[in-house]
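Q: Here you go, one structure.
The values are calculated or read from the model by the stated rules, or taken from the named source; none is laboratory data. Everything quoted here is computed from the prediction, not taken from an experiment. Here the Cβ positions follow ideal geometry from the backbone for every residue, glycine too, while neighbour counts run over all protein chains shown.
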Amino acid sequence: MTITITAFEQSPDGGKGLARDTRVRWALEEVGQPYEVRLVSFRAMKEPAHLGLHPFGQIPTYEEGDLTLFETGSIIFHLAEHHPGLLPGDANARARAITWMFASLNTVEPPILELVTVKIVEGDKPWSKERLPLVLDRIRHRLNQLSARLGDADWLDGAFSAGDLMMVSVLLRLRPSGILDEFPSLAAYVARGEARPAYQRAFAAQLAINAQPPAG
Ligand SMILES: N[C@@H](CCC(=O)N[C@@H](CS)C(=O)NCC(=O)O)C(=O)O
């Protein structure tokens with residue numbers, strides 16, 4: 001059955017791979033599933049056809065036969081459940097890998113997203129300069145905790161899993177800020193994720209679209 005995902009017609013990051021279709025592409029590459037991509041403009045994302053797929057008018061979405069999903073956590077969990085390669089067979093190890101997926105989305109990503117909000121969305125507000133150090137502190141606090149847990153290990157819990165895929169994807173959003181470099185073990189962890197052939201293919205596929213101006 002053909003898998004179709006949606007992605008930005010032109011990602012605001014110009015192809016740095018920070019738009020969330022990249023993590024879904026990466027998961028698809030890890031489990032060896034071919035997929036098609038339907039590109040959507042910002043306007044089309046808010047129109048009824050796309051809202052029928054994604055109630056919040058965002059990308060990515062995932063279509064496979066009569067199944068439509070949104071939310072990258074749900075999409076990657078679905079892929080990991082149905083194809084080998086992203087979740088361990090042992091029941092407890094599997095539950096822990098799923099826990100890391102939730103941790104990346106619910107505990108690590110929120111302060112990281114605040115950085116985008118304070119710098120870009122609220123960058124022109126008089127209080128944004130005062131707020132920035134508070135947001136940076138919250139991010140550093142989480143990264144300290146995460147790096148303590150990772151220690152010298154390659155991955156968060158044994159072999160590479162969907163938990164690592166999601167955590168690396170979330171941490172990558174910090175790259176432009178330079179904060180990741182303050183945590184060498186996390187920077188190396190992210191680099192290990194990026195070095196995976198599946199990530200490389202996913203990154204190249206999104207770059208092929210985003211490095212060029214939209215047609216017409
Ligand atoms: N929690 C959602 C977030 C989806 C999301 O924020 N997508 C961004 C692109 S990375 C988007 O569509 N932004 C445009 C908008 O919200 O209008 C997920 O993980 O799928």
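Condition check ((1) buried (at least 20 other Cβ atoms within 10 Å of the Cβ); (2) in contact (Cβ under 8 Å) with a residue 60 or more places away in the chain; (3) among the aromatic types (Phe, Trp, Tyr); (4) not in a helix (DSSP H, G or I)) across all residues:
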residue	(1), (2), (3), (4)
126	no, no, no, yes
137	no, no, no, no
142	no, no, no, no
163	yes, yes, no, no
170	yes, yes, no, no
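Q: Give me the residue from the range 1-34 that is β-branched (Val, Ile, Thr) and surrounded by fewer than 19 Cβ atoms within 10 Å (Cβ to Cβ) and, out of that set, farthest from the ligand (Cβ to nearest atom).
A: So the residue we want is 2.
Q: In this structure, does residue 100 turn out to be modelled with pLDDT of 95 or more, aromatic (Phe, Trp, Tyr) and more than 11 Å from the ligand (Cβ to nearest atom)?
A: Yes: the conditions hold for residue 100.
Q: Give, as residue ranges, the helices (runs of 4 or more DSSP H) completely inside the range 57-120 that count at least 2 residues that are exposed (fewer than 15 other Cβ atoms within 10 Å of the Cβ) and free of Cβ contacts under 8 Å to residues at least 40 places away in the same chain.
A: Here the list reads 72-82, 91-103.
Q: Here's something else I'd like to know. When you scan the range 46-61, do you find a residue that is among the hydrophobic types (A, V, I, L, M, F, W, C), within 9 Å of the ligand (Cβ to nearest atom) and within 13 Å of the chain's Cα centre (by Cα), even just one?
A: Within the range 46-61, one or more residues are among the hydrophobic types (A, V, I, L, M, F, W, C), within 9 Å of the ligand (Cβ to nearest atom) and within 13 Å of the chain's Cα centre (by Cα).
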